[in-house]
Each structure stands twice: as structure tokens, then as C-alpha cells.
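Please read the structure below before turning to the comments.
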Amino acid sequence: MKKIVVPGDFLTDERKKLGSNVYLKENKVYSSVLGILSESNDYVSVIPLNGPYVPQIGDAVIGIIKLEMSNGYIIDINMALDCFFPKSLLKKSLQVGDVIFARIKEISDFIDLENINLLPKGRIIDVPSVKIPRIIGKNDSMLNILKKNTASNVVVGKNGWIWYFSKSPLVLEKAIDLIVKNSQKSNLTNFIDDYLKKQIKRK
Amino acid sequence: MSEEKRHDGRKPNDLRPIEIKLGVNKNADGSCLLTWGKNVVLATVHGPKQMFPKHLSNPSKAVIDYKYRMACISTPERKSPVPGKRDKEISLVSGNALESAIMVEQFPNTVIEINTLIFTADAGTRVAALTAASLAAADAGLPMKGLISSVAGGRSNKQLVLDLDKQEEDAPDAVDLACAMLMPQKEIALLQMDGFVDIKETKEILKNTVKGIETVYDMQKKALIEKYPLEGEINE
């Protein structure tokens, strides 16, 4: 049974491994965000329902070139701090407005990227970054359904930006919107599969 | 305390009806439209985002930029939209109150912008704005130690009452005590008062106010949980 908790809710006073979005005070565990409680015998965490993107090493992100400088580029990756990437590590030059797919290498005062790939012409949708696991699904199940039914190419960044090139972009956008709005409900993968089949057939 | 009814039919310790709508502004990361009696407040949260000018940012925590503003249509006569002394003071103390709830140390060098706009004012707007701002911050998914709930208590016409409206606040012996608490820890985050009152009555007012705050906290919690229904049809 799923349960929604609000910031400050008491979760447990047992000794458990602390996951994300919880805090410890006087040997009691409290929630720190609005989210869904995920608790097992030795682990407690809260899955948030909305929130800012918090970068982690190894995240695959989508970025947009914001500014070109003499020695490198400033890249916007949908968070408060921008990243800098030096020109010396790139084989060919990029332009302002180019969309890239990269991996986060290091987080310090600045964010270092690696494996930069230029993405071709397409569109970007902005969704809350906490909904990205739901859009990918277990073993990419949801992402495969989206790609297969709408015959589109989709690249998902952990930072909440989704790049796609599709023959039926409106259906895909509507489907992603449905996932974001109903992410807390169960049995969503089957629903989206049926929904997309219905929509494509209607065309 | 006499059990006299108030001019609008409420009992001394009754709140005005509160209605909460979350996620009303799609341009903001989190938002809340709160109707508290005749008060209407919109609170929005943007951020955390990069701070400009950069020297105002803090390398150990996020800066809370709280703005309390009254729309020029909010009062019976047109109010100048220029922020006055009162607006600036309320912004400062309310921002400090919210900073005690939001875990600002997780977002160094950034700013969290919280804007509250009063559309209709009928006394007790600072507590309504703070309650709405706390809900908007929770709606934006910011990590928080708890929610900020607030109520104003006081005295009007020789009667100790909770949640005064404009007519009661204009009484000659009126006392208005605005209190905000970090719930469920019950730590006082804001306490302001105007009027003349002795210490015995102050304690009595504060006791009633804490009870009111608990009621408000339950409503806030209910509104947040109801935004995400777990059961039911997946609506298109």
C-alpha cells in the first residue's frame, strides 16, 4: 500500500539505513519532502513528487550551449549552476543553441562533463527531474513503449530534459504529460500502451 | 471568557473558512492559491537558481528572497504598488521564518525566490501569505524540516478571539498577535504583536493561537496529500 508523506512527517524510530529525502533527529527518522514513502525491513526513503534537479556523478544529461567563450563553452543543464567545458577536449566546434548529450564526470565548484555527443535536429520537453525514472520505467519498459508506438527517437536526460524526433510529436508529448501527471498511480505502463495504440489507430 | 458570538457568527476560537489550491501557476516551480475568509493570496516559488548580483549569494546556503506585496486593488481605496516600510518589514521577518523550515544548506550559492501577492486584504494577510508560501515551497519539492503554519490571535471588544477580521481589528482595544510555527516540531518561527495587553492575557492568546495553528497544519497536510490521489482513474 502506497502512502504519501509531507515534510516533517514522522516515519520510524527503528534503526534503519537512511535513503534519500529523509533526515534524522534525536534517533527518529522524518521525511523532508512531499513524496511517496518507500520502506523495507532495513531501509527507509521517500520518493519525491516534484523537486529541483540535484546532480550526481555518472548522470546522463541533456544540455544546451548557452555561451561561447575563447577557451570553452558554458552549458545549461537545467539547474542553478552552469557547467563549463573547455574547447581543447573537443574535436569539432559547437555553436550557441546546440543540444548535447553528456555524462557528469565530477562535481565541485563547477560541474565537469565527459563523453559529449551532439544531438541532431529535434525538440526538447521539460519535465520535473524526479519523474524521469517513471518515464524510463523498469528495464526501459515505458521508454520502449513510447518509442515503438510513436515511431520516434527519444533521448532522456536525468536532468529532466527529454530530446525527441518523432513523426507524431503531439501524441508523444501528450503521453509524457500523462505519465508526469499520474506518476504516483500504479499500472501506468499498460495504460500508456493502450492509450498510444488507440491514438495512433485513430490517425 | 464569555461565549458571546462574534459579528460574523463565529465562536471565539473559530477560524475563517480556508480553501487551498495547489499548482495553480504553471510558470512557477510551486504555487498555492489560498482563500482565507475574505483574504486571497497567491504564493509562488521559483528556484533554486543562480543569484544575481553574485556577491549577494552565500557559499554555505541558499538565500531566501521572500516578497510580501499587496496588489493595488486589495484595499477599499487604491494602495500604491510601491513597497512601503510595512511590506519590507513583513517580507524580512516572513523570509526568516521560512528559512528555518527550508533546508537551505543543500543549495549553496543560489537563491530561492518566494513571491506572495495579496489580492484581497481583510486582516491577517501576513499569516495567510506565510501559510501559502510554505505550501508553495512544499509543492515545489524543496526539502523542508516541516511546514510553517500560522494564525493571528488577539483581543477585540474585551473578548479574546482567534483569527481577527478587519472589523474586529478596528476595535479601540484591539490586540493582534501574529504567530507562525514550524510544524510538527512546534518551534516558534515568527511572533509579532501590536496593541496593549498584560502578560496574563498574552499567555491566554498564545495558547489559543497554538490550537489554531494545529488546525491550520491539518488543513495544509490534507491539501498536499489530496493533490496526488493514489487511487482512481488515470485521467487524460
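What follows draws every value from the coordinates through simple rules; no lab data is involved. None of the values given here were measured: they were computed from a predicted structure. Cβ coordinates were reconstructed from backbone atoms using ideal geometry, including for glycine residues, and neighbour counts include every protein chain displayed.
Look at the stretch B:105-111: the mean tally of other chain Cβ atoms within 10 Å of its residues' Cβ atoms is 3. Here the stretch B:166-236 and the stretch A:75-153 have alpha carbon centers that stand 44 Å from each other. Along its three principal directions, the equivalent ellipsoid of the stretch B:4-91 from the Cα gyration tensor extends over semi-axes of 32, 18, 14 Å, largest first.
Over all Cα atoms in chain B, the spread is summed up by Rg and Dmax: 18.1, 59 Å.
Seen from all directions on average, chain A presents a Cα convex hull projection of 13.5 nm². Across the stretch A:123-202, C-alpha contacts under 8 Å between residues 6 or more apart give a mean separation that, scaled by the residue count, equals a relative contact order of 34 percent.
Cross-link partners of A:LYS158 among lysines, defined as those whose alpha carbon lies under 17 angstrom from its own and excluding same-chain residues fewer than eight positions apart: A:LYS105, A:LYS131, A:LYS138.
Using C-alpha pairs below 8 Å separated by at least 6 residues, the relative contact order for the stretch A:26-175 is 21 percent. Here B:VAL111, B:VAL24, B:VAL151 are placed in order of increasing Cβ neighbour count within 10 Å, fewest first, which gives B:VAL24, B:VAL111, B:VAL151. Measuring nothing but how far apart in sequence close Cα pairs (under 8 Å, 6+ apart) lie, relative to its length, the stretch A:60-118 scores a relative contact order of 34 percent.
Within a 10 angstrom radius of the beta carbon, how do B:HIS7, B:HIS55 rank from fewest other beta carbons to most? Intermediate results must be reported in sequence, preceding the final value.
Working: B:HIS7 10, B:HIS55 6.
Ordered by Cβ neighbours within 10 Å, fewest first: B:HIS55, B:HIS7.
Per-residue shielding of B:221-234, expressed as the average number of other chain Cβ atoms within 10 Å of the residue Cβ, stands at 5. Straight-line reach from A:LYS66: taking Cα to Cα under 18 Å and skipping same-chain neighbours fewer than 8 places apart, the lysines in range are A:LYS87, A:LYS92, A:LYS121, B:LYS49. By the count of neighbouring beta-carbon atoms within 10 Å, fewest first, B:VAL82, B:VAL41 end up ordered B:VAL82, B:VAL41.
Just in the stretch B:42-120: which trypsin sites (Lys or Arg not before Pro) are loop by DSSP and have at most 10 other Cβ atoms within 10 Å? Sparse-neighbourhood loop trypsin sites (Lys or Arg not before Pro): B:ARG78. Dipole size of the stretch B:127-180 about its Cα centre, with +1 on Lys/Arg Cβ and -1 on Asp/Glu Cβ: approximately 240 debye, rounded to the nearest 20. Near A:ILE65, once Lys and Arg are set to +1 and Asp and Glu to -1 for all other residues with Cβ below 14 Å from its Cβ, the sum equals -1. Among the GluC sites (Glu not before Pro) in the stretch B:29-132, those placed in a DSSP loop whose Cβ has at most 16 other Cβ atoms within 10 Å are B:GLU77. Taking 21 Å as the limit for the C-alpha separation, the pairs B:LYS26/B:LYS67; B:LYS5/B:LYS211; A:LYS25/B:LYS67; A:LYS167/B:LYS26; B:LYS207/B:LYS227; A:LYS174/A:LYS201 exceed it in the case of A:LYS25/B:LYS67; A:LYS167/B:LYS26; B:LYS207/B:LYS227.
For the peptide A:50-61, the mean number of other protein chain Cβ atoms found within 10 angstrom of a residue's Cβ is 3. The distance linking the stretch B:77-140 with the stretch A:24-47 is 28 Å (Cα centroid to Cα centroid, whole angstrom). Within the straight-line cut-off of under 15 Å between alpha carbons, the aspartates and glutamates reachable from A:LYS91 are A:GLU114, sequence neighbours fewer than 8 places apart in one chain being disregarded. Eigen-decomposition of the gyration tensor built on the alpha-carbon atoms of the stretch A:4-48 gives equivalent ellipsoid semi-axes of 14, 12, 8 angstrom, largest listed first. The alpha carbon convex hull volume per residue for the protein assembly as shown rounds to 190 Å³.
Membrane-span-like helices in chain B (whole DSSP H runs, Cα extent of at least 20 Å along the helix axis, mean Kyte-Doolittle hydropathy of at least 0.0): B:125-139. Dipole magnitude for the protein assembly as shown: computed about the Cα centre from +1 point charges on Lys and Arg Cβ and -1 point charges on Asp and Glu Cβ, it is near 1640 debye.
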